1. Once you compute Rg and the Kirkwood Rh from C-alpha atoms, what is the Rg to Rh ratio for the chain?
2. When the accessible area of segment 74-186 is computed with all protein chains present and a 1.4 Å probe, what percentage of it is carbon and sulfur?
3. With charges set only on the Cβ (+1 for Lys and Arg, -1 for Asp and Glu), what does the dipole of segment 97-208 come to about its Cα centre, in debye to the nearest 20?
4. To the nearest 20 debye, what is the magnitude of the charge dipole of the chain about its Cα centre, counting +1 on the Cβ of each Lys and Arg and -1 on the Cβ of each Asp and Glu?
5. In vacuo Debye scattering of segment 130-253, one point per C-alpha: log10 I(q)/I(0) at q = 0.18, 0.20, 0.22 Å⁻¹?
6. Express the carbon and sulfur contribution to the solvent-accessible surface of segment 3-69 as a percent, rounded to the nearest whole number, probe 1.4 angstrom.
7. What Kirkwood hydrodynamic radius do you get for segment 74-186 when you take the inverse of the mean 1/r over all pairs of distinct Cα atoms, in Å?
8. How many Å² of accessible area per residue for segment 3-69, probe 1.4 Å?
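The values are calculated or read from the model by the stated rules, or taken from the named source; none is laboratory data. In this text the structure is predicted, and so the values were computed from the model without any measurement. Note: ideal-geometry Cβ built from the backbone for every residue, glycine included; neighbour counts use all protein chains shown. Surface areas here come from the heavy atoms of the whole protein model, side chains and all, with no ligands, DNA or RNA. Shrake-Rupley method; radii C 1.70, N 1.55, O 1.52, S 1.80 Å.
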Amino acid sequence: MNILENISLKPYNTFHIDAAARYFCDFSSVDELKKVLSDKTFKDTPKLVIGGGSNMLLTKNYEGLVLRNNIKGIELIKEDKDHYYVKAGAGEVWHEFVTHCIEHNYAGVENMSLIPGNVGAGPLQNIGAYGVELKDTFHELEAIKFSDLSVQVFSNADCKFGYRESIFKNELKGQFIITSVTFKLSKQPKFNTSYGAIEKELEAMGVKERTIKDISRAVINIRSSKLPDPLQIGNAGSFFKNPEIAQDKFENLKARFPEIVGYPQNGTVKLAAGWLIEQCGWKGKTFGDAGVHKNQALVLVNYGKASGKEIYDLSQRIMDSVNEKFGVKLEREVNIV
Ligand code: EPU
């Protein structure tokens, strides 16, 4: 097992924050992971598991052991009349997994094309885009418990998925490492194009008989036009969640701000945080190398040498101003380390 010391985590987080890890270890199998976790040297050392590092903001050096999940492999484990069950190692790059599914005609994850990060982080925060969430095709996952190294299987219900939420961000936070995820994918695609921009894009592309590959291409086109590519500009996707508010509060806001963007859903209304932030004048603003993206105000960016603290402070100022103008409290989606 190769344990590195005092290394920069800059290549391992999509915000490109230059914070250091006291210890760092890459593992590519469950056995390697168990070996490092049973090493007495690190028994009481705090541990942080990372995958693609695409949903975290490092605000300081990490004085513990960073474990980088590099478990690979995509395997069709069974099929029935309607479904394929496909198991992927937690260290697979999410978009490469989606591409594999499209090539093999496994339907259900095409709307989630190009989401940065690795497969293992998917269930942690129930990733989603363009009307589809990971929970819709999730079958089960395997995870190792830090405290006794037992392997446990979690079903869809066990994971308690919600909007960008799961049991692993709540009750079981920091207690498990996800090692593989199994998806239940459809043999017959059910196209989900309800998200406005997709239909428009398919039309612009001149698609007549649609396939999951077309949907994926449409999503890739839309994402690329709005969201910065983390390889070019440091970012972690949406920095905040879209807040949910009560219907009557929404009516009050709508009376004052008729243009407000909100989507009703079982009794509450989900507001577009990007709109709220833009209305407070933040879109496209930069402060040193920290900034708010020019095409999508929900995305904070690092143009080069911003520190995690600078991005964090900017996020706080945004939250304060949105609260002051609209009386709405934003919540961060990104994990703050
Ligand atoms: N909007 C603005 N100004 C902005 C940004 C958005 O007015 O600067 C308005 C748009 O005009 C639109 C609405 O807000 O009416 C929604 O915008 P968009 O379609 O870009 O989606 P979003 O709600 O801002 C969510 C997810 C994204 C996901 C997209 C598409 C969250 C926190 N974010 O963003 O997920 O890609 O929908 O499904 O739910 C992520 O989680 O990292 C992420 C990128």
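1. 0.97
2. Carbon and sulfur together cover 48 percent of it.
3. Here segment 97-208 has a charge dipole of around 80 debye.
4. Charge dipole of the chain: 460 debye, to the nearest 20.
5. -1.18, -1.21, -1.24
6. So the carbon and sulfur contribution to the accessible surface is 47 percent.
7. Details: mean 1/r = 0.0715 Å⁻¹.
Value: 14.0 Å, from the Cα pair sum.
8. Values: 3160 Å² over 67 residues.
Solvent-accessible surface per residue comes out at 47 Å².
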